[in-house]
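*Asks:* Below is one structure. I have some questions about it.
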Amino acid sequence: MRRWMLIVCGALALGAGWLLSGCDVGSPNEVVAGVGNNFSGYYVNPSGGHLVTHNSGSPIDSLSVQQDGNQIQAVDNNNQLFSGTIAENGQSNNVSFNMTGPTTAGAIGTMNGTLSQSGTAGTMSGIWAEPSMYGSIYGTATVPAAPTNSLPSTNTNTTVNAIIQFERTIQPRLWFERDQLKAGLEYAQTLPRDSRRRPC
């Protein structure tokens, strides 16, 4: 019997070890940091010029930006894809960004700068860098409104009026009717003289 107990305990211990070793916890490096505001939008130069002042290949006039947490991607008007990250600068409505992507000439361009938000107005500004040239970046877009953390309002001045009505449905009994004749005499004596019945 003792031998069987040892075998069963050993099997249970092996099973628990197998289950624990099969769990994939992941590493802290896989955690995606969140950014409070969303800077997704279609950025263009409000003056009508180029979004990037100097770049190789076709001019970059617009960027369609999509943000997911601290990850950011943008497609320009030439259908070139740029990707990178953003990080808060101490305020949720002002972040720094870094993106890289190709130009139509085949060069790799890097964008560094800031994204800021005021209401639903977003602004992108920064520097464009290629191995052979530099330029500046400036554009504005309509972005999603910043989330609010306000608590729901509560009404503390609510007045509840309650009307309680009492209604007597059962006549009170003043004595126990053990002896019907005696009870009848006592009841008759309590009546006023005018209301007493006269004998027939």
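The values are calculated or read from the model by the stated rules, or taken from the named source; none is laboratory data. As the structure is a prediction and not an experimental result, all values here were calculated from the model. Note that each Cβ is placed from the backbone with ideal geometry, even for glycine, and that neighbours are counted across all protein chains shown.
*Asks:* Which residue, of Ser118, Ser150, is modelled with pLDDT under 95, surrounded by 10 or more Cβ atoms within 10 Å (Cβ to Cβ) and under 60 Å from the mean Cα position of the chain (by Cα)?
*Replies:* Testing whether each residue is modelled with pLDDT under 95, surrounded by 10 or more Cβ atoms within 10 Å (Cβ to Cβ) and under 60 Å from the mean Cα position of the chain (by Cα) leaves just Ser118.
*Asks:* A further question follows. Looking at Glu167, Glu130, Glu186, which is the one that is surrounded by 11 or more Cβ atoms within 10 Å (Cβ to Cβ), among the acidic types (Asp, Glu) and at pLDDT below 95?
*Replies:* Going through Glu167, Glu130, Glu186 in turn, just one is surrounded by 11 or more Cβ atoms within 10 Å (Cβ to Cβ), among the acidic types (Asp, Glu) and at pLDDT below 95: Glu186.
*Asks:* A follow-up question, please. In this structure, is Asn98 modelled with pLDDT under 95 and surrounded by 14 or more Cβ atoms within 10 Å (Cβ to Cβ)?
*Replies:* Judged against the criteria, Asn98 is not a match.
*Asks:* Residue pairs, Cβ under 7 Å, 6 or more apart or interchain, first in the range 130-154 and among the charged types (D, E, K, R), second modelled with pLDDT of 95 or more and not in a strand (DSSP E or B). List them.
*Replies:* Partner pairs satisfying both residue conditions: Glu130/Asn55; Glu130/Ser56; Glu130/Ala107.
*Asks:* Quick one: in the range 72-84, of everything that is surrounded by fewer than 17 Cβ atoms within 10 Å (Cβ to Cβ) and farther than 15 Å from Ala141 by Cβ, which residue is nearest to the chain's Cα centre (by Cα)?
*Replies:* By that ranking, first place goes to Ser83.
*Asks:* Of all residues in the range 47-71 being of a type in the set (A, V, I, L, M) and closer than 25 Å to Ser132 by Cβ, which is nearest to the chain's Cα centre (by Cα)?
*Replies:* Among those that are of a type in the set (A, V, I, L, M) and closer than 25 Å to Ser132 by Cβ, it is Leu63.
*Asks:* Can you tell me how many residues in the range 34-59 are farther than 19 Å from Thr120 by Cβ and in contact (Cβ under 8 Å) with a residue 40 or more places away in the chain?
*Replies:* 8
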